[in-house]
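To keep things clear, I will list the structure first and then write my remarks on it.
The values are calculated or read from the model by the stated rules, or taken from the named source; none is laboratory data. Values in this document were obtained by computation on a predicted structure and should not be read as measured data. Heads up, the Cβs are rebuilt from the backbone with ideal geometry, glycines too, and the neighbour counts pull from every protein chain shown. Just the protein is used for accessible areas: all its heavy atoms, side chains included, with ligands, DNA and RNA removed. Shrake-Rupley method; radii C 1.70, N 1.55, O 1.52, S 1.80 Å.
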Amino acid sequence: MKTAVLLLVAAGTAKRDEDLHALAARTRTEHRPAVARSAARAAKASRLLADHGHLLPPDLREKGQDLLNEHEFRLHAALDSANPGPALAAIEKREAGYLKAFRKLGGEGAVSKARKLPKDEERTKLRATREVLFEATGIDAEEPVWGAPFRALEALFGDGHAPMEALGVSAKFFEDGRSLTKRYHVALQPPCDCWTFGRAAVVEQARGVAESLKAPPLVEAWLDSIAADDTGKLPSVGFGVSAEDGACKLYVLNYGGNELPPLPLLDSLPQTARKPDRAPSVLVSVEWKFGDMKTQQMRQYAVEASADDVAVARHTQDERFAGDELVAALDGTFGVKQSEDIAVTAPFQYDKATTPPVVAAPLAKSGLKLKRQDGNIDSNAETDAKLAALLKDAAPGAGAWLDKSRVIRHALSNVQFGEGFVTLYRHPTVFGFVDPSSAPQHLALRNALTKNTHSLRRRLSGLTACDQAEEDFIDRAVWGSNPDDSTCAQDGKNPANAGMCPQSCQDDIACMIAACSDCALVDAVCDEPVDLGAHPSLASGDLRFQYKAPVVMAGADGSNRDNIEGDCHTYVDQSDIVQPLGRKSLEGQLEDDVQCKDKHQDDIDFDCWVESDHNDAGTATIVCEGCSPDGTQSGFEAAMATFFQNLVASTGGPCSFDAAASLTSLAGATSNVQSRYSDVDDAMVPDNKKLQMPYGDSGLFETMNLWGPEGCRYPYYGFLPDEPLCKDCSSMAQAKEDVLNGLWDGPCNDDDPRGDDDSLPLPPNYPGCGCDCADFLRRDLSCTSESCVNVAQAYAASNTVCAGDKLRWDTTSSSTGCETYGAGSPLTGSACLDAAGAVPNATCYRTPAAISEPGFPWPWPDVCYHMQRDAALGRRASALALVGAIVMMV
């Protein structure tokens, strides 16, 4: 059913893309580039929604589809209007806003990570609850000591929201009939880019667990090291406890090819028998007995690189204890996926001040990782029964535990053997089952998909107060991650509030205005494509490049060849998320075949589509985007040329190419850099490609039109304040231009486009001039004929240049200067203006409610507590004086 839905969505969006591309061909010549650009952006957005829409909460997924529909009809409406130019410019402005938001949420890197997440709607609903913990282990989460790791997990996710993959259980069985079953493990940070709450939050919770478990000094030292390693990847961090014998462990696991942090005494760990290095994924731990705050051991778990290496496991088992027959039986019944090797130190004391002698202890156990049965990661009663029968002598009581622990849903993942004991593990083996309807899980997912997971939400200057306010507003109004903080997202979706701005949302808007007034600065990065010639150090596997391959399909003659259609079109255009052909798509083959700089093969992401199924010259065009073997454009182009040359010469696939003609045609293939400086990790952005500039009314207008609840936008709610957020000439001039070009999205409406929801009550005299627009246009710009009206130009550092789509500046000595304000800058495009560009006393419409109204109830400090106190003192004093108070942000 899910595959069918995805295919239907893909089919619907493909039809829309086809219509828009056809529209571009029929458009007047001067407007074709704008329409073609919009069509390409809509096509990409359609693919993203079809492939990854399941990761959005249902209401936002629906909103995404609505935005695509709205984009299409507004593009048609713009072209049908008497003056398409300003309408197309307004559409481009909105598209640029969405692109900015896309990059802010992680951009192409986030898409690459999202593609790796598993899909199973049932498993996304599974929760690691207190009831599950108690049923599987008998441990009460309220127990002061042994419930501490689970409570830390709850503190991160909130009660009832932790995913099941964050919890694992185990049991240790002795030949004499004893057993230890009150054992569990939690991952505060998983070994994947699937969810995170950031380094600070994870370490804070880990410190609390360590204190409850009375951990020795080495645990504190390891957590200090993880907290300080802000330049590296946050490793997986977890705790394991065994209540019956008082055993405690801190686990740290590297993943994705990233190095472990410089943990104290790490190099003192004895090497395992078969893995002499720690470059691949390896798990290390500190373990201690509860109450012994001086003595600890370290352990290293290595997993054999090659699967089914039973011979090594048998050999090492024979060296340590009699276990060969049991290993052979497990292999015959289940198949051994990988063999483990474990090295441990002798107990030692550590006081942080001196380095103690650390020696290896005798190797006491080794383990096996079992293959998934029938490819299933879920527990299975039949499989568990077979295992219990095999272990009836070595592990008495295992059958009962296997039945009881099945509530955890994980299949049996590991079996470890030691002298006289067997330990069974139900640990998660697949991560990333995110329930988008759970606000905490979705927040954790968004955190993981953003560029700076190592330092949550840190941007160029550590996040300005206004940047933070915008983040908070989006979090409150769109995602609704914390209803205890704000209920705006929930209130805005309430049908009873249709056409109205709930008080909770009004408060959140006011908080943002208060923090972003008085020319408050925000970080900005040039959005022009990366120039590797000027900045070769930016070459990396994270950069994205595009390759356009003109190919010739096989056909009767050169003038009448088959188009790319049917199975061939599906093969080229289909994501590997669904494989209707039962084989890898073109992009899947690229991901297997192309190596990319500093990237593991599992992290390589390509996106391919058909740009033109049949060109006038008899060729078809296939477009692919992806990474480069050496991080450069030339390296990417060479790899793609080789791939496509082999592709057109191959036979037996779903596409039939004219090999000779295609090889000739491919000589005209082109490539370009897709990644922009705004896509690059912040720490790597060259200084001459970034700046800080005022947020201003233009920023507020953009934020509200992109993210504001429907009832909090014009014509229902007036969100523009009575005073400018920034009185600089450039900021005010840009704001006036943006508000006027808002067309249907603001108070200066010329028209009410067909398709808007006309079932809601509209104010008298709408559409037309909004009273806020008239007041806004009457503001004195305080500009002279020499004033620069380009905000970026006014605030950029000297001798720098940016030629982006949204940001442009040139402050070099050879620059002729920026556009200046003067007689050549008339105001046009509003129902509020007369033919001469003046603002007459025309009849206007007034929103039912507005933030500029006298007596507006500005929020108290506890509503805006996220804002930094020193950045907000004194802001909006004149407006707040209306209620006789100044909002103090804490």
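Working out 0.36 nm times the residue gap between Leu663 and Ala534, then minus their Cα-Cα distance, what length gain in nm do you get to one decimal?
Here the segment from Leu663 to Ala534 would lengthen by 43.1 nm.
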In cubic angstrom per residue, the convex hull of region 630-692 built on its Cα atoms measures 128
Greater than 24 Å apart at Cα, pairs in Lys116/Lys369; Lys125/Lys369; Lys116/Lys689 | Lys125/Lys369; Lys116/Lys689
Name the long-range amide H neighbours of Phe657: under 5 Å, sequence gap of 5 or more, or other chain; modelled H, no Pro or chain starts.
-> Ala554
Mind grabbing the accessible area of Glu30 for me, 1.4 Å probe, Å², rounded to tens?
-> 110
FRET efficiency estimate (nearest 0.05) - Cβ-Cβ, Glu565 to Asp484, R0 45 angstrom | 0.25
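For the full complex of protein chains and a 1.4 angstrom probe, list Glu72, Glu165 by accessible area with the highest value first.
Details: Glu72 40, Glu165 10 Å².
These residues rank, largest area first, as Glu72, Glu165.
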Separation between the Thr355 and Lys548 pseudo-spin-labels, each 7 Å from Cα along Cα→Cβ, expressed in nm?
-> 5.9
Give me the accessible area of Ser212, 1.4 Å probe, in Å² rounded to the nearest 10.
-> 40
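Past 26 Å, Cα to Cα: identify those pairs from Lys233/Lys548; Lys113/Lys584; Lys44/Lys113; Lys172/Lys289, in the order given. Mind dumping the intermediate values first?
Working: Lys233/Lys548 34 Å; Lys113/Lys584 19 Å; Lys44/Lys113 17 Å; Lys172/Lys289 16 Å.
Too far apart for the 26 Å limit: Lys233/Lys548.
If you average the sequence gap of Cα pairs under 8 Å that are 6 or more apart and divide by the length of region 697-750, what percent do you get for the contact order? Could the numbers behind the result be given before it?
Values: 46 pairs, mean separation 21.9, N = 54.
Value for region 697-750: 41 percent.
Assuming R0 = 30 Å, can you tell me the calculated FRET efficiency for the pair Ala835 and Glu786, based on Cβ-Cβ distance, to the nearest 0.05? Each step should come with its number before you reach the end.
Numbers: r = 28 Å, r/R0 = 0.93.
Efficiency, rounded to the nearest 0.05: 0.60.
To the nearest 0.05, what FRET efficiency results for Glu142 and Ser759 with a Förster distance of 51 Å applied to their C-beta separation?
Numbers: r = 51 Å, r/R0 = 0.99.
Given R0 = 51 Å and the Cβ-Cβ separation, E is 0.50.
Can you tally the net charge around Phe239? Count Lys and Arg as +1, Asp and Glu as -1, for every other residue whose Cβ sits under 15 Å from the Cβ of Phe239. Before the final figure, lay out each step's value.
On the way: positive: Arg151, Lys182, Arg183, Arg207, Lys214, Lys249, Lys289, Arg299; negative: Glu143, Glu154, Glu204, Glu211, Glu220, Glu287.
Cβ neighbours under 15 Å give a net charge of +2.
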Of Thr423, Val434, Leu412, whose Cα points farthest to the positive end of the dipole of region 378-453 (charges on the beta-carbon: +1 Lys, Arg; -1 Asp, Glu; origin at the Cα centre)?
-> Val434
Cα centroid of region 114-177 to Cα centroid of region 387-455, whole Å = 9
